[in-house]
Amino acid sequence: MTKKVETQEAVEILSGNEAIARGAWEAGVKLAAAYPGTPSTEILEAMAGYEGVYCEWSPNEKVAMEVGIGASMAGGRALVCMKHVGLNVAADPFFSSSYVGSEAGLVVVSSDDPGMHSSQDEQDNRNYARFTRVPLLEPSDSGEAKEFMIAAYELSERFDTPVLFRTTTRTSHSKSLVKLGERNAPRPVTELKRDITKYLMMPANATIRHPLVEQRVLDLAEYAEDCPFNRVEMGDTRVGIVTSGAIYGYAREAVPDASFLKLGLTFPLPKKLIADFRAKVDKLYVVEESDPFLEEAIRLMGIQIDGGKELNTLLGELNARSVAESLAKAGVPGVNPDLLAELGPVPRDLPSRPPTFCPGCSHRGLFVVLKKLRLFVSGDIGCYTLAVAPPISALHTTICMGAGGGMVHGAMKAMGKDALGKMVAVLGDSTFLHSGLAPLMNAGYNKGNSTTIVLDNRITGMTGHQEHAGTGFTVRGELANQVDYAQIGKALGIKNIRYVDPYNIKETMEVVKEEMNRDEASLILCKDSPCMLLRRAKPLDRFKNPLYAVNLDKCRGCKMCLEINCPAISWREGAGQTADGQKRKGTAYINPDQCVGCEVCVQVCKFDAIEPAKK
């Protein structure tokens, strides 16, 4: 259900992602496409709540980018959103979109993740702006996120270019005041312009477009000198700080009286503005997170910098304290003393709480099997990555979306027949549709003998339950076509396709053993196993016994049930002996508030000590 938004002027507290959606809506965007990934996911979710915008979860970022380019070409303003590694997937069309330009505004949001809170790397996607020669905007808070988004569409259309809109985890998820405005009427879309010199990137046409791209960079650099996104805030002239994004807030807190050049348009940079600012301060420091993107560009301008990336780490995420400490070590005057005060002792007796599968998660039973078979398991991006943690310890690789199947195929080709029965690939349903089809097709086409297991929990799980083409619902909860994974596998040339119930350990083990020893590519699909948190699918309906308990007379304290790492099962010391006199140091305990009755623990207990709880 969409909501009709009141258009009278008001102020709300919004996250950066919500503000981006609001800004796009106010800018008259007609289409928004994305693939979920933290920290960008909430942008499209918020966008789907507005009327007048077509929204979709695309199967991957490349498709989302192409959908956005098409909408822009047709004259509709478009928004494309993804996390930083998603831009790697979308890079092919994104690079060409720089040459093509935009008929209507096209904005690409890249949400970077310094500190790798939920990512496999912390690449700095500001570099993509330099690679593709497109303007780069970086808001520092939610208020700027909304205003910059509106301006991004005007910039895109004025300079005939896509705009890269870069946020980080902090700007995406932190909240601040946002001034709400009215929606601009979307541009009318009437007829496609048949301009092959602009939209058909064959070598002859691309050669013509490239000089236009380079001239655009020069024009943007001139515009950057006076644009409203870059501003000088003069204070103590002994210290000048150039910064951008969320780091502006940290630097402002660290040295409150310093002079600042806050950059919002960070590619291309305004050379004259920076040089003039440098002339007004005694020493100039560049404070930025991740790569020395600003610093390198400013040094190449021939402008002297007194401190840059050597003061702040290339690794992880900055904060006000780390910025203050680094500048204090460099002898910068006026550093906030409160940020330099020693912190109190960190408590050392706090219990750790490592991430694990939810109680009743359908992934658990499968990984119990894979561990018992001592297989090398090539994984992917998703909830199942948690299988790497002890005591399950049944996952051995995670590189990027869709990589597991290709890696196992390559490894088995390198090892030959000796690899049979030793390795499998696992990936989730959303990942399978994102980038797992081509590796499976490759295994079938190139006579591979790898086994691919799709953990179908009927949702994009780890990013917070987003729909995809296998769930049967759109981003707005509308009924949609639902793909059939078995039919896909058959169409890709896979002859051996099997279903397993991942909660049935014996059945799953038999099927996995058969398929991984087959000298042909095979596909195993986990059936009837929706995410336990997905109430729409009613996963609890399949369990006959909703609760289980440990029979203390039978429990031998072997701790085998603890090996499945279910949060509902814990250990209790000092439980004496069993009914037949067997001594033990303790017993397992099942928390009735967490147990869902999945029966995986029942199947691993060798002493039949786990029984339906008495009502």
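The values are calculated or read from the model by the stated rules, or taken from the named source; none is laboratory data. Only a predicted model underlies this, so the values are computations on that prediction, with no experimental measurement involved. Every residue, glycine as well, gets a Cβ built from its backbone with ideal geometry; the counts of neighbours run over all protein chains shown. Note: areas computed on protein heavy atoms with side chains; ligands, DNA, RNA excluded. Shrake-Rupley method; radii C 1.70, N 1.55, O 1.52, S 1.80 Å.
Using the alpha-carbon atoms, what tilt in degrees (0 to 90, nearest 10) does helix 362-372 show relative to the longest principal axis of the chain?
Roughly 70 degrees, rounded to the nearest 10.
With the dipole of the chain worked out from charges on the C-beta (+1 for Lys and Arg, -1 for Asp and Glu) around the Cα centre, which of F357, G49, A224 lies farthest toward the positive end?
Checking the options against the dipole of the chain, the answer is F357.
Going by amide H atoms built from the backbone, whose H comes under 5 Å of the H on A480, apart from near neighbours?
F473, T474
With the cut-off at 24 Å, tell me which of the pairs K527/K615; K544/K606; K413/K490; K527/K606; K175/K271; K83/K447 have Cα atoms farther apart than that. If you can, show how the numbers build up before the last one.
Details: K527/K615 30 Å; K544/K606 21 Å; K413/K490 22 Å; K527/K606 26 Å; K175/K271 32 Å; K83/K447 35 Å.
Pairs exceeding 24 Å: K527/K615; K527/K606; K175/K271; K83/K447.
Consider just the alpha-carbon atoms of region 5-64 and return their Rg together with their Dmax, both in angstrom.
For region 5-64, the Cα-based Rg and Dmax read 11.8, 37 Å.
With charges only on Cβ, +1 for K and R and -1 for D and E, what is the dipole size of the chain about its Cα centre, in debye, rounded to 20?
Dipole size: approximately 2060 debye.
For the chain, build the charge dipole from Cβ charges (+1 Lys, Arg; -1 Asp, Glu) around the Cα centre, then report which of Y99, T237, A443 sits farthest towards its positive end.
Of the candidates, A443 comes out farthest on the positive side.
Taking the 0 to 90 degree range and rounding to the nearest ten, how far is the long axis of helix 403-415 tilted relative to the main principal axis of the chain, both from C-alpha atoms?
60
Ordered by packing density, taken as the mean number of other Cβ atoms within 10 Å over each peptide's residues, highest first, how do 301-312, 397-408 rank?
By packing density, highest mean first, the sequence is 397-408, 301-312.
In the chain, if the dipole is taken from +1 on Lys/Arg beta carbons and -1 on Asp/Glu beta carbons about the Cα centre, which of N457, V346, V67 is farthest to the positive end?
N457
Which far-off residues, 5 or more places away or on another chain, put their amide H under 5 Å from the one on A549, with H placed in the peptide plane?
Correct list: E611, A613.
Using the heavy atoms of the protein chains alone and a 1.4 angstrom probe, what is the accessible area of the chain per residue in square angstrom?
Result: 45 Å² of accessible area for each residue.
Which values of log₁₀ I(q)/I(0), to two decimal places, follow from the Debye formula for region 55-102 at q = 0.26, 0.31 Å⁻¹ with a uniform point scatterer at every Cα?
-0.98, -1.26
Cα-based Rg (one decimal) and Dmax (whole number) for region 191-304, in Å?
Spelled out, the Cα radius of gyration and Dmax of region 191-304 are 18.2, 58 Å.
Just order 322-328, 585-591, 201-207, 537-543 by mean Cβ neighbour count inside 10 Å, highest at the front, would you?
322-328, 585-591, 537-543, 201-207
Quick one: Debye curve from the alpha-carbon atoms of region 314-472 only, equal weights, vacuum; give me log10 I(q)/I(0) at q = 0.08, 0.10, 0.11, 0.13 Å⁻¹ to two decimals.
Values returned for q = 0.08, 0.10, 0.11, 0.13 Å⁻¹ are -0.39, -0.54, -0.61, -0.72.
Please report the carbon-and-sulfur percent of the accessible area for the chain; probe 1.4 Å, protein heavy atoms only, DNA, RNA and ligands left out.
On the chain, the fraction of accessible area on carbon and sulfur atoms equals 54 percent.
What is the mean projected area of the alpha carbon convex hull for the chain, to one decimal in square nanometres?
For the Cα atoms of the chain, the hull's average projected area reads 33.1 nm².
Just to be sure I understand: if I project the alpha-carbon convex hull of region 110-218 onto a plane and average over all orientations, what area do I get in nm²?
Taking the Cα atoms of region 110-218, their convex hull projects to 9.5 nm² on average.
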